[in-house]
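The values are calculated or read from the model by the stated rules, or taken from the named source; none is laboratory data. What you see is a predicted model; the values in this text were computed from it and never measured. In this analysis, Cβ positions are derived from the backbone assuming ideal geometry, glycine residues included, and neighbour counts consider all displayed protein chains. To get the accessible areas, we keep the full protein, side chains included, count just its heavy atoms, and leave off ligands, DNA and RNA. Shrake-Rupley method; radii C 1.70, N 1.55, O 1.52, S 1.80 Å.
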Amino acid sequence: MKKITFGLMALVLLVIPMAVSAITVDTGLSGTLDLGSADLQDTVISIIQWALGLLGLIAVVMILIGGFIWMTAGGNEDKVATAKKYISAAVVGLIIVLLAWAIVVFVVGTASDVTGV
């Protein structure tokens, strides 16, 4: 279990710098904050999609961890039960993420039809 925790921490430490390096900040304050040229709706949609993608990735990693625990249980019923809990929680989380994504797509599609954007 310590190896899995160490592996997840290493993965997080590798992902955080990549996410931070993807963010660029314009420090030239020439009277405006210049937060970007994208539309607010597009920016919010991008942020929501990024967050839901990250949550989906976490759910898939949890399924993999549960499968690894199950495969290395060696017949120990307690470890199998723990693995089943990991997998079932991850599947429920993945379903919630997919439903949230569907709701966002529906709301954005409906809102863009109403506003004529």
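Which condition from (1) at pLDDT below 85; (2) aliphatic (A, V, I, L, M); (3) in a helix (DSSP H, G or I) is the one that A81 breaks?
Condition (1) is where A81 drops out.
Is region 49-64 home to any residue that is more than 17 Å from A102 (Cα to Cα), open to solvent by less than 70 Å² (accessible area, probe 1.4 Å) and more than 11 Å from the chain's Cα centre (by Cα)?
yes
Yes or no: I69 open to solvent by 70 Å² or more (accessible area, probe 1.4 Å) and out of contact with any Leu (no Cβ under 9 Å at 6 or more places or on another chain)? Before you say what the answer is, go through the steps one by one.
Values: open to solvent by 70 Å² or more (accessible area, probe 1.4 Å): no; out of contact with any Leu (no Cβ under 9 Å at 6 or more places or on another chain): yes.
Spelling it out, it is not the case that I69 is open to solvent by 70 Å² or more (accessible area, probe 1.4 Å) and out of contact with any Leu (no Cβ under 9 Å at 6 or more places or on another chain).
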